[in-house]
Amino acid sequence: MLMNKLPFTTALVAALFISAHAHANDDSQVADRIYTVKKFADNIEFAKEVDDKCRNNPGELRDDPNCINAREAVARDRLIGSGDEDSFKAPRIN
């Protein structure tokens with residue numbers, strides 16, 4: 001009777017091990033929760049880190065909400081700067 005259950009038990013343990021290993025190495029998410037563009041803009045270094053991870057694996061992470069939001073925050077930061085008053089002034093023409 002025990003010999004009849006051994007292949008089933010071995011297969012079950014192997015499946016559980018493979019499943020646990022796959023979840024431990026799951027890179028299909030770049031953060032533990034979804035952050036808004038504003039949250040990323042408030043911490044632009046984190047946004048750049050997430051954006052780098054996303055650009056390094058676009059096939060898997062292109063549609064990840066955090067990739068989209070981080071990319072937008074980084075793009076806005078490049079466009080308008082840090083938000084300092086001086087960054088909004090037009091250059092002087094002499």
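Table for the structure above
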| item | result |
| --- | --- |
| Breaking point among (1) modelled with pLDDT of 95 or more; (2) in contact with a helix residue (DSSP H, G or I) (Cβ under 8 Å, 6 or more places away or on another chain); (3) β-branched (Val, Ile, Thr), for residue 68 | (2) |
| Residue 16 surrounded by 11 or more Cβ atoms within 10 Å (Cβ to Cβ), modelled with pLDDT under 95 and assigned to a helix (DSSP H, G or I) | no |
| Long-range neighbours under 8 Å by Cβ, at least six apart or interchain, first residue more than 14 Å from residue 35 (Cα to Cα) and outside any helix (DSSP H, G or I) within region 45-61, second modelled with pLDDT under 95 and among the charged types (D, E, K, R) | 57/27 |
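The values are calculated or read from the model by the stated rules, or taken from the named source; none is laboratory data. Being a predicted model, the structure only gives us computed values, none of them experimental. Positions of Cβ are backbone-derived with ideal geometry, glycine not excepted, and every protein chain shown enters the neighbour counts.
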